[in-house]
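*Asks:* For reference, the structure I am asking about is given below.
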Amino acid sequence: MSTSNIAVIGDRDSVLGFKALGTAVFPICNDRPQEALDIIEKLCHERYAVVFITEPIAQKIETELSRYRYRTLPSIVLIPNNQGSIGLGRERVRDTVKRAVGIDIFREEAK
Amino acid sequence: MRSSTHATRMELLRLRRRLGVALRGYKLLKDKQDELMKQFMELIGKIREMREETEKHLVQAFQGFLLASAVMSREEMEGALAFPNKIVNLEVKTRRVMNLQIPVLNLQAERPVYCYGCANTSGELDIALSNLDIIFSTMIVLAEREKALELLAAEIEKTRRRVNALEYILIPDLRETIKYIELKLSELERSNLTRLMRIKEIIAG
């Protein structure tokens, strides 16, 4: 058992409010995703348990992010930014399910 | 495919033993896969609803901030939010599912979320902030569950590959080899028997 922290990475306007919730906020530009990667790598060493990252940024570093997917921690969660959701978070859950089950069960349910 | 071996009685015994172990391992792994799958399926349903709900509320909260930023200047807003009052502590434990270590997150928050005075801020900011505060705990639960889902998925994939390797490759191969050796040995026995019979005939003749 241990205590750890929560971080939020995203564009300035979207993550503004999270600061007041007591989380660590890292505002970065949408077109500089490399910064996000550096931050995440640093957060891993500092025992952050949860990292929220906005979808537009996550989209650009998807392959790099998948490295963290099967680690116990941190849990990297995609959240929509203030422009609304682009469905990447849902897509990722679906992808995970597809890999495990072998078939796309969400699509079947939608029919 | 039959593995190339010497058709000897000793080899036969060895292979039979291996088949026994393989069958037992297969059964265990299959049970593991079923259990993982069960947990996985339970989780999927929960996550799907939760993610949609969270995204919806989060977008609403963001709109609240947008509204607030229309009333207040950006500097004012950043100033108001710059020194958080609330302290969050995330307690991380792990629970075991099979051989997996799955994190369990427990959010502990102290002190209210409002970290500014009433003078320079608008009511919209209050509303937006309280909305965000409400969904934040849901977001943490979502983080926990999505991580569990990913870990389970990876394990299921691995287990399935093992189960398939045993079921479709190792076990049939062993069976085939065992059968081959059995046939070969009985053939040898038969030929030996006929030889003996023939020799007896010659001697008697």
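*Asks:* Testing B:A68 on (1) modelled with pLDDT of 80 or more; (2) within 33 Å of the chain's Cα centre (by Cα); (3) small (G, A, S), one condition comes back false. Which one is that?
*Replies:* (2)
*Asks:* State the number of residues belonging to the stretch B:71-96 that are under 20 Å from B:A128 (Cα atoms) and under 30 Å from the mean Cα position of the chain (by Cα). Full working, then the answer.
*Replies:* Start the filter on the stretch B:71-96 by keeping residues that are under 20 Å from B:A128 (Cα atoms), which leaves B:71-88.
Subset that is under 30 Å from the mean Cα position of the chain (by Cα): B:88.
Count: 1.
*Asks:* Within the stretch A:72-91, work out how many residues are closer than 25 Å to B:K32 by Cα and without any contact (Cβ under 8 Å) to a residue 24 or more places away in the chain.
*Replies:* 1
*Asks:* Cβ-Cβ distance below 8 Å, separation of 6 or more or different chains: which pairs start in the stretch B:83-100 with a residue that is facing another protein chain (nearest Cβ under 7 Å) and at pLDDT 75 or above and end on one that is buried (at least 16 other Cβ atoms within 10 Å of the Cβ) and in a loop (DSSP other than H, G, I, E, B)?
*Replies:* Listed pairs, sorted by first residue: B:K86/A:G22; B:K86/B:V113; B:K86/B:C115; B:I87/A:G22; B:V88/A:G22; B:V88/A:T23; B:V92/A:L73.
*Asks:* Restricting to helices (runs of 4 or more DSSP H) lying wholly in chain A: which have 2 or more residues that are at the interface with chain B (Cβ under 10 Å from one of its Cβ atoms)?
*Replies:* Correct list: A:12-15, A:88-101, A:105-110.
*Asks:* Something else now. Tell me whether the stretch B:57-74 contains one or more residues that are more than 7 Å from chain A (Cβ to nearest Cβ), in contact (Cβ under 8 Å) with a residue 40 or more places away in the chain and hydroxyl-bearing (S, T, Y).
*Replies:* Checked the stretch B:57-74: no residue is more than 7 Å from chain A (Cβ to nearest Cβ), in contact (Cβ under 8 Å) with a residue 40 or more places away in the chain and hydroxyl-bearing (S, T, Y).
The values are calculated or read from the model by the stated rules, or taken from the named source; none is laboratory data. These numbers come from a predicted model, not from an experiment. Counting neighbours? That spans all protein chains shown, and the Cβs are built from the backbone with ideal geometry, glycine included.
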